[in-house]
Ligand SMILES: [Zn+2]
């Protein structure tokens, strides 16, 4: 018999109200799930349950849906890349900073276990995993227990910079086609995975590294199969200028011309639109194009903010009618901190307080990301939705006083107050510990992987600089 669990008399619940299509607070309410499905959200559940959880010290909320992350390599960059944007490439870290710091398959697996642990601890229950394929990828996703969109990246060109002054593109369409075919096979395998928690997404990697033909074929297949499709776009000044040089229009306008913008399409970042203050571009069309076509944006503010770049502004995007989801992109894979940063930087961009609300950011990280994936059964606590649930300890000192649990969680406590996390009704985090993965051991393996990456820097760097020369420590080592 399938087990029924009742979280009884929860102090606070963020429940989905379909009538107003938003989350609402319920106080002293019950949340009940059977197997992997929620079958009651409200007051006074009077049927039986196999398991009762006392909710009197809990804030119960839907699992967070991470719309953009790269677990296979991002933890490696901790301590190396936070202050390492290219001085001559408009403060992007994509081109000559990332490329010199590489890992191997062993390192990728350590990265994955570490990142997936971080994600779970911050209340994430669904991820969009944008990785270059590596051995064991599905095994780690399966082991974690997370719900995952598998999105192997492919592209027709790679970036290359000889001197750090400009970016060149090494085109190899045949290789791009082979990677596309391999990605399709891989995501078909994901859909058929025995866990039932893996889904397919197409991920032509970047707007400036894919040919129009590759993108059109990707779109046709996405349409035919009903797969969501994501691409990095609007992520650097270099990309913006490259695309305007090639086509005379912005990356967003070009994507619109080739039919990419549509419901089911997701733009990773979309920060550098024609209206962005770093670009001085004469049109003001991009935001409306994204909104009018029903295209979604995966917003990952933390990584950009480290380099001094912000979206202008998240509140404006939402008010313009753009469906926005939230992603973490890089380390720390902490969705709650990402949400905090999203709210604060939107207000900084607006130079006022009221351009965005906590509710809007919470909506983006749950229902907004879910909508981008074409789902109405995740990112919400509602009868019939998946039992992807986060229990927050409202007695944690960092949550007190709890006048408003979302504000306490988002602006102060973050992952410290996340107690239990369920995906498909299975507990994956218990009392703040990941039950399915070993973050500590993964961290130790990451230490070794990072040492190997450090050694490899001079051979990959165009001027043979060492890791220490490329990215000096934040303090000099004294004697
Ligand atoms: Zn990314």
Scanning region 121-154 for residues that are without any contact (Cβ under 8 Å) to a residue 40 or more places away in the chain and part of a loop (DSSP other than H, G, I, E, B), which turns out surrounded by the fewest Cβ atoms within 10 Å (Cβ to Cβ)? 135
Residue identified as touching a helix residue (DSSP H, G or I) at 6+ places or on another chain (Cβ under 9 Å) and more than 16 Å from the ligand (Cβ to nearest atom) among 92, 144, 131: 144
Could you run through region 324-349 and say how many residues are within 16 Å of the ligand (Cβ to nearest atom) and free of Cβ contacts under 8 Å to residues at least 40 places away in the same chain? 1
Checking 415, 444 in turn, the sole residue that is over 30 Å from residue 41 (Cβ atoms), part of a helix (DSSP H, G or I) and within 27 Å of the chain's Cα centre (by Cα) turns out to be 444
In this structure, is residue 24 buried (at least 19 other Cβ atoms within 10 Å of the Cβ) and either more than 16 Å from the ligand (Cβ to nearest atom) or part of a strand (DSSP E or B) (or both)? no
Can you find a residue that is more than 18 Å from residue 297 (Cβ to Cβ), loosely packed, with under 15 Cβ neighbours inside 10 Å and either in contact with a helix residue (DSSP H, G or I) (Cβ under 6 Å, 6 or more places away or on another chain) or in the same structural domain as residue 86 (by TED's automatic domain parsing) (or both) anywhere in region 260-268? no
From the options 404, 448, 431, residue that is loosely packed, with under 15 Cβ neighbours inside 10 Å and closer than 25 Å to residue 21 by Cα: 404
What is the number of the single condition among (1) away from the ligand (no atom under 16 Å from the Cβ); (2) over 18 Å from residue 460 (Cβ atoms) that residue 104 does not meet? (2)
Surrounded by 19 or more Cβ atoms within 10 Å (Cβ to Cβ), away from the ligand (no atom under 14 Å from the Cβ) and farther than 30 Å from residue 421 by Cβ - does that describe any residue in region 58-77? no
Return the only residue of 270, 265 being at pLDDT 95 or above, within 16 Å of the ligand (Cβ to nearest atom) and on the phi > 0 side of the Ramachandran plot. 270
Only residues that are crowded, with 21+ Cβ neighbours inside 10 Å and more than 16 Å from the ligand (Cβ to nearest atom): list them for region 350-370, please. 356, 361, 362, 363, 364, 365, 366, 367, 368, 370
Taking region 290-309 and the residues there that are surrounded by fewer than 19 Cβ atoms within 10 Å (Cβ to Cβ) and more than 16 Å from the ligand (Cβ to nearest atom), the one that is modelled with the lowest pLDDT would be 308
Look at residue 229 and say whether it is within 16 Å of the ligand (Cβ to nearest atom) and touching a helix residue (DSSP H, G or I) at 6+ places or on another chain (Cβ under 8 Å). yes
Checking 277, 218, 236 in turn, the sole residue that is in the same structural domain as residue 85 (by TED's automatic domain parsing) and under 20 Å from residue 183 (Cβ atoms) turns out to be 218
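The values are calculated or read from the model by the stated rules, or taken from the named source; none is laboratory data. Worth saying up front: this structure is predicted, and the values here are computed from it rather than measured. Because the Cβ atoms are built from the backbone with ideal geometry, glycine has one as well, and the counts that use them run over all protein chains shown.
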